[in-house]
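Everything below concerns the one structure shown next.
The values are calculated or read from the model by the stated rules, or taken from the named source; none is laboratory data. From a predicted model like this one, the values you see are computed outputs, not experimental measurements. Methodologically, a virtual Cβ is constructed for each residue, glycine included, from the backbone with ideal geometry; neighbour enumeration extends over all protein chains shown.
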Amino acid sequence: MKIYNVIFSMFFVLFCTNLSYSQIDNERTLDAVFNHWMMLNCGTADKIDWKLEIGQYAEQIEPLFLEAFKNGPDSKRLAESSKASQLRFQMTQEYMSSENNILSDEDIERYKNLKAEEYVELENKDFIFSYKSNALSGLGLIKSKSAIDFLKRIVDNSESPFQAIAALAL
């Protein structure tokens, strides 16, 4: 197992708790629904009927999902992800020195060889992939002809790293 996967799993909750989901509870605007959906990557157990929420804005939200897939997260979200990754890296450094450390010696050695910049870069790549995957999943909920056609093109592209995600979204 790659060490950054271990570290990512250990501090997954840290990133998730920093995301603000309260806006969706207070208002069901297009922006609130879109932004909440796009950041929903932490396996949280929402009591929100996403098919209904996204469905009510299907026409307006579809181009947002297409743009999100094409462009990935904006610079502000990417900067927030980087900041959270830097914090997780620092916390992991501290954790490895603590008495509560349950990592194997092998994992510790691998992690010590990982630079903060490398860790942040790996985390950002994962974040971008997750963000784009959420966009495809959102298109799958819309189920419009254009959304289905777009997803099918990705499924038919054997070179796409999103092929399986698009297939599941269909």
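Below is a table of values for the structure above.
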quantity	calculated
Residue satisfying all of: in segment 30-56; among the acidic types (Asp, Glu) and surrounded by fewer than 16 Cβ atoms within 10 Å (Cβ to Cβ); modelled with the lowest pLDDT among these	ASP46
All positions within segment 144-170 that are closer than 16 Å to PRO63 by Cα and in contact (Cβ under 8 Å) with a residue 12 or more places away in the chain	SER144, SER146, ALA147, ILE148, PHE150, LEU151
Which listed residue, of PHE89, PHE69, PHE65, is touching a Gly at 6+ places or on another chain (Cβ under 8 Å) and surrounded by 15 or more Cβ atoms within 10 Å (Cβ to Cβ)	PHE65
Some residue of segment 151-161 being part of a helix (DSSP H, G or I) and in contact with a Gly (Cβ under 9 Å, 6 or more places away or on another chain)	yes
Any hit, segment 149-160, residues being among the small types (Gly, Ala, Ser) and surrounded by 13 or more Cβ atoms within 10 Å (Cβ to Cβ)	yes
Residues of segment 119-155 that turn out to be of a type in the set (S, T, N, Q) and in contact with a Lys or Arg (Cβ under 8 Å, 6 or more places away or on another chain), as a count	0
Failed criterion for LEU78 (all others in (1) more than 22 Å from LYS51 (Cα to Cα); (2) buried (at least 17 other Cβ atoms within 10 Å of the Cβ); (3) in contact with a Phe, Trp or Tyr (Cβ under 8 Å, 6 or more places away or on another chain); (4) among the hydrophobic types (A, V, I, L, M, F, W, C) hold)	(2)
Helices (runs of 4 or more DSSP H) completely within segment 57-139 that count 2 or more residues being acidic (Asp, Glu) and at pLDDT 90 or above	58-71
